[in-house]
Amino acid sequence: MSDVYYDPWDVEIDLDPYPTYRRLRDEAPLYHNERRDFWGLSRYADIDAALRDPQRFSSAKGDILEVVQADPVMPPGVFINEDPPLHTIHRKIVGRAFTPRRMKAIEDKVRAFCNACLDPLMDGDRFDFVLDLGAELPMRTIGMLVGIPDADQPSVRAEANRVLRNKPGEPLPVKKDHYFDGDMFTEYVDWRMKNPSDDLITELLAVEFEDETGTTRNLRKEELLIFLAVIAGAGVETTGRLFGWMGKVLAENPDQRQELVLDRSLIPGAIDELLRFEPPGPHVARYVTEDVELHGQTVPAGSALLLMLASANRDERTFDDPDRFDIHRQPGSLLSFAKGAHFCLGAPLARLEGRVALEEVLNRFPKWDVDLAGARRARSSTVRGWDSMPAIIS
Ligand code: HEM
């Protein structure tokens, strides 16, 4: 029996979880933490298979470990926490917002937001990848997509952060009778109903779809509010974390950064490699619906199962030399956006924001060092990264 210990709330392990992940993959590919009452998978092949098996590994009780464990009342429409076939109906409706055509149409606006963030910093000698970019760009992008007036966007960010933050070392508190709050956008939806525009609220209000009873209808206001809250909850905090890692990892790999300065066509591959190397969402959880045999043991029905995406991304059974950051790596198989039914709906948007931001950073600041002593870690069990990543321009 291996004595490897893993705890997703442990602040020390979280600083550099990769040696622990490696031991889990080698010594305890099916891990059981009795104290914290969860099971865990860490190998790429196991996680990939579990993500494609929603019958046995369900999202219906949530996809955050604390939520699955608390089993709160989940209002209908929180599609990230639904299983097919209901999930399929809801996802298709929201998927309209993230088509390649839509992404192309908003690229100029995303670039304009980046420029507005970065231009005022041009005369200084430092900037912050999280405070100046990560905290601004995802919020403004989703705000624009949804149709939130600029002045109100910080309140969306504050709400999205609040929902996903826990105290260091402690699980996220989950309210059993009121886990999911869909009130965040009520005012805007009311307002948009009277003032249609070319945003997501207006578009979704007009959608006709066939619901689970076979009735063709429009979305109810409560359903729309929940969809919007899911999008904001999934897309603000995660993408924000990408920027801290961008600043740190590229400063630590100046030769590869220089390659990107000289050849911008390498940037999309570099963003995917960043996402593989330091995924902002290190794990997702599932609820086990029936007894399942894994690695010679039975995981009982009713268990909470943690799928360690960040470990899968470093699995030497799948990736050559996985602890090496390499922008030339053939992308495609990273698990940072999960797989299967719940594959991140916002992946094209996250990639777009990452690419455009990196282009604009390199246009202005081709070289920087990071002030790690001044950087501030984001303490959270759901997203992993930084609240501040100061860069000193050289
Ligand atoms: C780097 C940034 C991001 C990362 C690492 C990330 C990661 C993920 C992961 C791992 C999942 C799967 C959850 C599960 O299987 O339980 C997911 C789902 C989702 N993400 Fe993202 N995400 C990012 C950005 C975004 C953005 C920008 C948006 C939207 C604006 C977004 C919207 C969603 C939605 C709506 C789902 C649920 C999809 C479904 O249940 O069918 N994400 N994301």
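The values are calculated or read from the model by the stated rules, or taken from the named source; none is laboratory data. What you see is a predicted model; the values in this text were computed from it and never measured. All Cβ positions, glycine included, derive from the backbone under ideal geometry; neighbour counts span all protein chains shown.
Would you confirm, using the coordinates I've provided, whether L306 is in a helix (DSSP H, G or I) and buried (at least 23 other Cβ atoms within 10 Å of the Cβ)?
Values: in a helix (DSSP H, G or I): no; buried (at least 23 other Cβ atoms within 10 Å of the Cβ): yes.
No, not satisfied.
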Checklist entry - If we scan the stretch 197-207, do we find a residue that is within 11 Å of the ligand (Cβ to nearest atom), within 23 Å of P75 (Cβ to Cβ), among the hydrophobic types (A, V, I, L, M, F, W, C) and crowded, with 23+ Cβ neighbours inside 10 Å? => result yes
Next on the checklist: Name the single residue that is farthest from P149 (Cα to Cα) among those in the stretch 208-240 being hydrophobic (A, V, I, L, M, F, W, C) and more than 8 Å from the ligand (Cβ to nearest atom).
Outcome noted: F209
Checklist entry - In the stretch 250-271, is there at least one residue being buried (at least 21 other Cβ atoms within 10 Å of the Cβ), in a loop (DSSP other than H, G, I, E, B) and within 16 Å of the ligand (Cβ to nearest atom)? => result no
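Kindly indicate which of F243, F343, F337 is within 15 Å of the ligand (Cβ to nearest atom), surrounded by fewer than 23 Cβ atoms within 10 Å (Cβ to Cβ), farther than 23 Å from L24 by Cβ and under 23 Å from the mean Cα position of the chain (by Cα).
On the way: F243 fails: surrounded by fewer than 23 Cβ atoms within 10 Å (Cβ to Cβ); F337 fails: farther than 23 Å from L24 by Cβ.
Within the list F243, F343, F337, the selection yields F343.
Just checking: which of the helices (runs of 4 or more DSSP H) contained wholly in the stretch 7-116 hold 1 or more residues that are among the β-branched types (V, I, T), under 19 Å from the mean Cα position of the chain (by Cα) and within 24 Å of V383 (Cα to Cα)?
Working: elements: 11-15, 18-27, 44-51, 65-70, 86-95.
Counting at least 1 such residues, we get 44-51, 65-70, 86-95.
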Next on the checklist: So A112 ticks every box in (1) aliphatic (A, V, I, L, M); (2) away from the ligand (no atom under 14 Å from the Cβ); (3) in contact (Cβ under 8 Å) with a residue 40 or more places away in the chain but one. Which box is left unticked?
Outcome noted: (3)
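Please indicate, with yes or no, whether at least one residue in the stretch 286-299 is near the ligand (Cβ under 8 Å from one of its atoms) and at pLDDT 95 or above.
Going through the stretch 286-299, the residues near the ligand (Cβ under 8 Å from one of its atoms) turn out to be 286.
Those still in the list that are at pLDDT 95 or above too: 286.
Within the stretch 286-299, one or more residues are near the ligand (Cβ under 8 Å from one of its atoms) and at pLDDT 95 or above.
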Next on the checklist: Exactly one condition in (1) surrounded by fewer than 20 Cβ atoms within 10 Å (Cβ to Cβ); (2) assigned to a loop (DSSP other than H, G, I, E, B); (3) out of contact with any helix residue (DSSP H, G or I) (no Cβ under 6 Å at 6 or more places or on another chain) is false for R377; which is it?
Outcome noted: (2)
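Examine the stretch 311-322 for a residue that is within 24 Å of R165 (Cβ to Cβ) and within 14 Å of the ligand (Cβ to nearest atom), and state whether such a residue exists. I'd like the intermediate steps shown before the answer.
Narrowing the stretch 311-322 to residues within 24 Å of R165 (Cβ to Cβ): 311, 313.
Restricting the remaining residues to those that are within 14 Å of the ligand (Cβ to nearest atom) gives 311, 313.
Yes, the stretch 311-322 contains a residue that is within 24 Å of R165 (Cβ to Cβ) and within 14 Å of the ligand (Cβ to nearest atom).
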Checklist outcome for this item: Taking the stretch 188-204 and the residues there that are over 26 Å from the mean Cα position of the chain (by Cα) and touching a residue at least 12 places away in the same chain (Cβ under 8 Å), the one that is nearest to M144 (Cα to Cα) would be S197
Checklist entry - In the stretch 67-102, how many residues are crowded, with 16+ Cβ neighbours inside 10 Å and of a type in the set (V, I, T)? => result 6
Checklist outcome for this item: D132 fails exactly one of (1) in a helix (DSSP H, G or I); (2) of a type outside the set (A, V, I, L, M); (3) at pLDDT below 95, namely (3)
